[in-house]
1. For the stretch 192-240, what is the charge dipole size about the Cα centre, in debye to the nearest 20, if Lys and Arg each add +1 at the Cβ and Asp and Glu each add -1 at the Cβ?
2. Would you mind checking the tilt of helix 265-282 against the longest principal axis of the Cα atoms of the chain, expressed as 0 to 90 degrees and rounded to 10?
3. For n ≥ 4 DSSP H runs only, could you compute -39500 (n - 2.57) per run for the chain, divide by its residues and tell me the 222 nm figure to the nearest 500?
4. What's the longest bit of the chain with no exposed trypsin sites (Lys or Arg not before Pro), using DSSP loop states and at most 15 other Cβ atoms within 10 Å as the test?
5. Solvent-accessible area per residue for the chain at a 1.4 Å probe radius, Å²?
6. With +1 assigned to the C-beta of every Lys and Arg and -1 to the C-beta of every Asp and Glu, and no other charges, what is the dipole magnitude of the chain about the Cα centre in debye, to the nearest 20?
7. Mind pulling the angle between the C-alpha long axis of helix 195-209 and the longest principal axis of the chain? Nearest 10 degrees, somewhere in 0 to 90.
8. What range in the chain is the longest one free of chymotrypsin sites (Phe, Trp or Tyr not before Pro) that are in a loop by DSSP and have at most 12 other Cβ atoms within 10 angstrom?
Amino acid sequence: MLLGAAKMLQEHRNDLQGTIVLIFQPAEEGGGGAKKMLDAGALDNVDVIFALHVSTKFPIGVVASRPGPILAATSFFEAVINGKGGHAALPQHTVDPILAASNVIVSLQHLVSREADPLDSQVVSIGKFQGGGAFNVIPDSVTIGGTFRTFSKESFVQLKQRIEEVITKQASVQRCNAKVIFHENSSYPVCFNNKELHEHFRKVAGEMLGVQNVVEAVANMGGEDFAFFSEVIPGLFFFLGMKNETQGPLQSGHSPYYTVNEDVFPYGAALQASLATTYLSENPPKHTSPPEGSFHDEL
């Protein structure tokens, strides 16, 4: 879709009232590609940024977004809980890390249900539990792992601190010790939509698709490393529907049976091109030219 937008912009490049940068970003899923591109200067002299994400929830011709937080800050953690293994028939001679890990997991759920403000959305989910390989042997150690997500930086810092405290101290109650590792390279900030850019999006998309096809998105606890971009400059992230009931149901983006409805490509290309050109025409660029020696002709 971005290549399609590039083709349209190239055909009208003499009419552009500024410079449009096209970002072909790798490693969105866990690699933090946006952060690496930022560090490499991809947004130098860029004033605003737009991004889209296809969605199986909305029909073709429908787009969705919202001002403010749209996707959560996310991170992953792993903990190794060490005890003392032995025969399952003689548990008194062991220090059971499976029991400790089980209590840790239950206690972690209390962080959201009993410590978080019910109006401040937070998630702690455990998706990994590895320990032991025999029915009658208590293992020496257990590894658990999971993810936590919030909609504010303050809640994110607090939840991270409490996760480590709960794991280490709850393990010690069961005579075990634990080491917690946070995967910083997979930590993303809150994806935040600028209010003025959201109004611009509603106007442009409404004129192109009809106002009835521009809907308010519901914020969800998914993560998106576009958040690194919108943390530095004003940004707008929106969802582009690609559901077509006549072609049968589409699986979600994280399903092994996921397919893309390519009929949506022209919509995405036209929207991206129009969002950029319309913004330039209504907002004279703050940066008239890039520093000498740093210009990259993306077209």
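The values are calculated or read from the model by the stated rules, or taken from the named source; none is laboratory data. These figures come from a predicted structure and were not determined experimentally. Methodologically, a virtual Cβ is constructed for each residue, glycine included, from the backbone with ideal geometry; neighbour enumeration extends over all protein chains shown. Just the protein is used for accessible areas: all its heavy atoms, side chains included, with ligands, DNA and RNA removed. Shrake-Rupley method; radii C 1.70, N 1.55, O 1.52, S 1.80 Å.
1. About 140 debye.
2. Taking the Cα atoms of the chain, the angle to 265-282 is about 70 degrees.
3. -10000 deg cm²/dmol
4. Excluding the exposed sites themselves, the longest stretch runs over 1-174.
5. Ligands and nucleic acids excluded, the figure is 54 Å² per residue.
6. 980 debye
7. The two axes meet at around 60 degrees.
8. Answer - 136-256.
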